[in-house]
Amino acid sequence: MDKKKFDEKKTENQKIIANIKKEISKSVVGQEKIINAFLRALISNGNVLVEGVPGLAKTLIVRTLSVVMGCEFNRIQFTPDLLPTDIVGITAYEREKGFYVLKGPIFSNFILADEINRAPPKVQSALLECMQEKQATIGKETFNMPMPFFVLATQNPLEQAGVYPLPEAQIDRFLFKLSIGYPNLKEEQGILESNITIKKFESFNLKPVMSAEKILDMQDKVKEIYLDKKIEKYIVQIVDATRNPDKYKVKLGKYIEWGASPRASIGLFIASKAEALMQGKNFVTPQYVKEVTYDVLRHRVILNYEAQSENIKVEDVISEILARVPVP
């Protein structure tokens, strides 16, 4: 691609991202870092697991994102009595029609899986299968998910009673794990005047600035971003440091029970490309890899009980790994 065409593409991509953020800001106050991560995951064709206490606008962000992106949205409230068929759908029978398929709420572009850890493992698996395979089987028929297909699953870190923690193998299927924090004073003051409790969602007058076709096109553009072999090696070394911390002199490595899987390398590879696209670049730099490392590794590096007893966070370990692995 010549310089003129690249500059045009760069300007176009930056303009699209800026328009999306501007429209989202009509209903969502603050949370810029989280919104950036959502957009990054969406154009990477990945899914997100979010941990945060209730009331931090998780539902509002996804609902807003679906409208701005011009896509369909469904919310699934996970409960202990939920069945896989409640998500995927069933085969029904009527005398006049015979057997026919009733599709479940999973068949939508944007899915909010609220408090996913409240449902039994077989229900969680039904959702995760749809995420991984982009399809669902109802009776004897298999149906493809509508594209784009983006899942945001939430879990509440406060409550431990009546929950079924997601196994590490299932959590590994999420591209990112995000942790939503409290807003600052200025942001919270802004929330008082613009919140979903006193205002109707429709009153925000959100307008779609994208479409399903444009999102799929952007996902294809991400794959075209150049990533040098040196950056590939850097990505692989970061993941290797989670498995062999002694090799990189990572002192906090003694707190690692299990290192990250190859999905972590794939996640860093595609997410760093998405970050480059959002920054208006056509190539990946080490800084873009660093930018996405925490979100990609947060749920893939498993710490031992000693780390819990000494209050060592997984982010502390990731920080030291980034400091120790040589930057190309």
Ala260 hydrophobic (A, V, I, L, M, F, W, C), under 23 Å from Gln279 (Cβ atoms) and either without any contact (Cβ under 8 Å) to a residue 24 or more places away in the chain or touching a Leu at 6+ places or on another chain (Cβ under 8 Å) (or both): no
What number of residues within region 239-264 are of a type in the set (Val, Ile, Thr) and touching a Phe, Trp or Tyr at 6+ places or on another chain (Cβ under 9 Å)? 1
Does any residue of region 75-83 turn out to be farther than 27 Å from Ile34 by Cβ, among the charged types (D, E, K, R) and surrounded by fewer than 16 Cβ atoms within 10 Å (Cβ to Cβ)? yes
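Only one residue in Lys273, Lys254 is in a helix (DSSP H, G or I), surrounded by fewer than 18 Cβ atoms within 10 Å (Cβ to Cβ) and of a type outside the set (Gly, Ala, Ser). Which one?
Details: Lys273 fails: surrounded by fewer than 18 Cβ atoms within 10 Å (Cβ to Cβ).
The match here is Lys254.
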Filter region 111-133 down to the residues that are part of a helix (DSSP H, G or I) and within 18 Å of Phe150 (Cβ to Cβ) and list them by number. Ile116, Gln124, Ala126, Leu127, Leu128, Glu129, Cys130, Met131, Gln132, Glu133
If the Cβ limit is 6 Å and pairs must be 6+ apart or interchain, which residue in region 22-46 that is in contact (Cβ under 8 Å) with a residue 24 or more places away in the chain and surrounded by 21 or more Cβ atoms within 10 Å (Cβ to Cβ) pairs with which residue that is in a helix (DSSP H, G or I) and of a type in the set (Phe, Trp, Tyr)? Ser27/Phe204
Positions within region 310-324 being touching a residue at least 24 places away in the same chain (Cβ under 8 Å) and more than 15 Å from Leu268 (Cα to Cα), in sequence order: Glu310, Ile312, Asp316, Val317, Glu320, Arg324
Hey, could you check region 130-145 for residues that are closer than 14 Å to Ile111 by Cα and surrounded by 15 or more Cβ atoms within 10 Å (Cβ to Cβ) and say which is nearest to the chain's Cα centre (by Cα)? Met131
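Throughout, read-outs are computed from the coordinates displayed, never taken from laboratory work. Predicted, not measured: the structure shown is a model, and the values here were computed from it. Counting neighbours? That spans all protein chains shown, and the Cβs are built from the backbone with ideal geometry, glycine included.
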